[in-house]
Ligand code: IVH
């Protein structure tokens, strides 16, 4: 491409200048690609993502296509994989192990089919779609049904003899079932399931060993080392997907039949493979495979599509590098490399100061990512990330983007270390870290605008007060106009106060006012979640609401009867202590008072209408002093669930609830063989019904 004169980007370049620039760039690319190929294939420790690597190779191939003189036989574009390591004996493959051409989009798949149609003069008779497993390609050779050789792919021509290690993988058959051919060479992918990978890295970290960047490297590293016992300890598996040389064996007409035959011999073939009729079938398979990718349990990086008929395959043949009859559709990359511009912090509603990465925007996992969480200062240190680094960013499925780690080889000396700021950027209060906590906290309390903003957003969110339409944007507007400062202020907003705000018309004002009105009568559990008391999430909130029914009752129990609160099933001392601390803070008490003034009910109506029949047919007798209930509360709890309260123990009594210093009723129960239960079991009885007594 030569620039037009007048191009604002610079003066016109002559073709010679272009060639010179291309020669330099190609040399740089070759060196870079070789470096990364070595990290990947020989050391199993890549520094860059596959996608990034592919992009480098594509750029080099583009230059070689434009300037034919730049193409050299030893160019990385002309090779498959890397030369084998010297650790293992070399194995020359009977049949070359080919690589696959890539399709990066659905259009590429359509273009591939068009090519097949051109070559064959007709549409291929169906395709096999397989997951592209992200592991280590191996070849297994069987003679008369016995495994005699296991090899890595290496450069496609020569691989490494890793027989002893591959024998350690349970899914690699040592002997084939049934009528095995004289010679059979099978290709497949050794992989490590995600759960095994996570467990391995945990173990490695605990024992001070190196952790692996991803399951593929873990699989490769486990096979390409000298000790079979290590391979055996690594929970590897294999899916086989292709046959190489054979002598003997059945006449097969299609790849699909081949897979069925391989299974009958005892090989593991991926169950997600499917036979489809046409390109629409292929595209539907790709969509489903991509959707299932994050939850599959092992890593896949695409879909391999193969023309199914072996006669079609023979007719189509191979290019120098890959079969024409197959293509690999690559999923959009889940990892990319980009520049870390800065590390900033967020202050959440609890004051926790969380660092996050500000990134040069990059397209990864199907979305443009410009920020990623860094969790806490320890995490930044553990990952060894410097501000200004090139970093690997990962975004899988709907998971929040994260930084995998830096690319140290790309540092140029301009990178700087980061530490947690000592003052909050929002309110300038000190940020402190309690020794045993991982998190640093802003000490500004509700004087910190960031904290207030997050508190408001949480308060109004679903599961809390659920004020429809009160998201960050509206909160920011209301905060900046001074219309709200605390969550209670929401309930003092009036149509008049909202009128005149930019973008706010009558309809949005009416809607927000209606949403606020609905929020006034949210169930107690929602109010408790909204208040953001530490350790009180939705489950605990529900337990508390069921037990206390009003916010007042809960708060007075928290301060005057903390033990009773702690004894409630599902609560415990930590939660009770946290609620007590919250209830003793005067700021919180004035918030509660103002919420009430604003019309928030914060109570659940007593059950009315037909009582629940959870305890129908159950008779409970209470004896002794209860910790978590008054006698009346306990009896009411049984009655409201359709149970009965007995005044004396008989054979008809279902159970006796025994408190402290019980009377003779406890003995009577023992004599009659009536179960005696404590308050914990009683709680379960109230929640689950009579089944709770069975255990
Ligand atoms: S078929 C001649 N099928 O992808 C056809 N390969 O880039 C050879 N791979 O070297 C390959 N899953 O390591 C095939 N279902 C699958 C695959 C698969 C993963 C790997 C294999 C191969 C590379 C090609």
- Inter-site label distance for residue 177 and residue 651 at 7 Å from Cα along Cβ, in nm: 5.9 nm
- Message: Taking the beta-carbon count within 10 Å as an exposure proxy, list 424, 442, 269 from fewest neighbours to most.
- Response: 269, 424, 442
- Note on the structure: Hits in the range 645-674: amide N under 17 Å from the 7 Å Cα→Cβ extension of residue 616, namely 645
- Along the three principal axes, how long is the range 40-173 when you take its alpha carbons, biggest first, rounded to the nearest angstrom? 44, 39, 26
- Computed label-point distance, nm, for sites residue 560 and residue 122 using a 7 Å Cα→Cβ extension: 9.0 nm
- Query: In whole Å, what is the distance between the alpha-carbon centres of the range 265-313 and the range 354-382?
  - Reply: 33 Å
- Message: Rounding to the nearest 10 and keeping the result within 0 to 90°, find how far the Cα-based axis of helix 279-292 lies from the longest principal axis of the chain.
- Response: 50 degrees
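Gain in length, residue 210 to residue 263, computed as 0.36 nm per residue apart minus the alpha-carbon separation, to one decimal in nm? Don't jump to the answer; show the numbers that get you there.
Numbers: separation 53, 0.36 × 53 = 19.08 nm, distance 3.62 nm.
Fully extending the segment from residue 210 to residue 263 adds 15.5 nm.
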- Query: How big is the Kirkwood radius of the range 147-217, worked out from every pair of different alpha carbons and given in Å to one decimal?
  - Reply: 14.6 Å
- Computed from the mean reciprocal separation of all distinct C-alpha pairs, what Kirkwood hydrodynamic radius does the range 115-266 have, in Å? 16.9 Å
- Could you rank the peptides 521-533, 621-633, 40-52 by their average count of other C-beta atoms within 10 Å per residue, with the highest value first? 521-533, 40-52, 621-633
- Task: Express in % the proportion of alpha carbon pairs of the chain at distances exceeding 35 Å.
- Result: 62 percent
- Note on the structure: Of all C-alpha pairs within the range 300-458, those more than 22 angstrom apart amount in percent to 57 percent
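How fast does the range 538-695 diffuse by Stokes-Einstein, in µm²/s, taking the Kirkwood radius from C-alpha pairs at 20 °C and 1.002 mPa s?
127 µm²/s
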- Query: Residue separation times 0.36 nm, minus the C-alpha to C-alpha distance between residue 155 and residue 507: what's the value?
  - Reply: 120.0 nm
- On a 0 to 90 degree scale, rounded to 10, what angle separates helix 449-460 from the longest Cα axis of the chain? 80 degrees
- Theoretical gain in end-to-end length, residue 68 to residue 382 [0.36 nm per residue, Cα-Cα removed]: 108.4 nm
- Message: Test of understanding: ordering 455, 127 by Cβ neighbours within 10 Å, fewest first, what list do you get?
- Response: 455, 127
- Could you sort 137-144, 365-372 so that the peptide with the highest average Cβ count within 10 Å comes first and the rest follow in order? 137-144, 365-372
- Item | residue 587 paired with residue 105, simple spin-label distance in nm, labels 7 Å along Cα-to-beta-carbon | 5.3 nm
- Item | Kirkwood Rh in Å, taken over the range 233-376 so that all alpha-carbon pairs contribute | 19.3 Å
- Query: Using the scaling law 2.2 N^0.38 Å as the reference, what is the normalised Cα Rg of the range 586-676?
  - Reply: 1.51
- Task: Determine, for each peptide in 223-231, 297-305, the mean count of other beta carbons within 10 angstrom over its residues, then list the peptides with the highest first.
- Result: 297-305, 223-231
- Message: Can you compute the FRET efficiency between residue 54 and residue 296 using 1/(1 + (r/R0)^6), with r the Cβ-Cβ distance and R0 = 22 Å? Round to the nearest 0.05.
- Response: 0.50
- Task: Compute the acute angle (0 to 90°) between the alpha-carbon long axis of helix 551-560 and the principal axis of greatest extent of the alpha-carbon atoms of the chain; round to the nearest 10°.
- Result: 80 degrees
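Taken together, the values in this text are just the output of simple stated rules run on the coordinates, not laboratory data. What you are looking at is a predicted structure, and each value in this text was computed from that prediction instead of being measured. Positions of Cβ are backbone-derived with ideal geometry, glycine not excepted, and every protein chain shown enters the neighbour counts.
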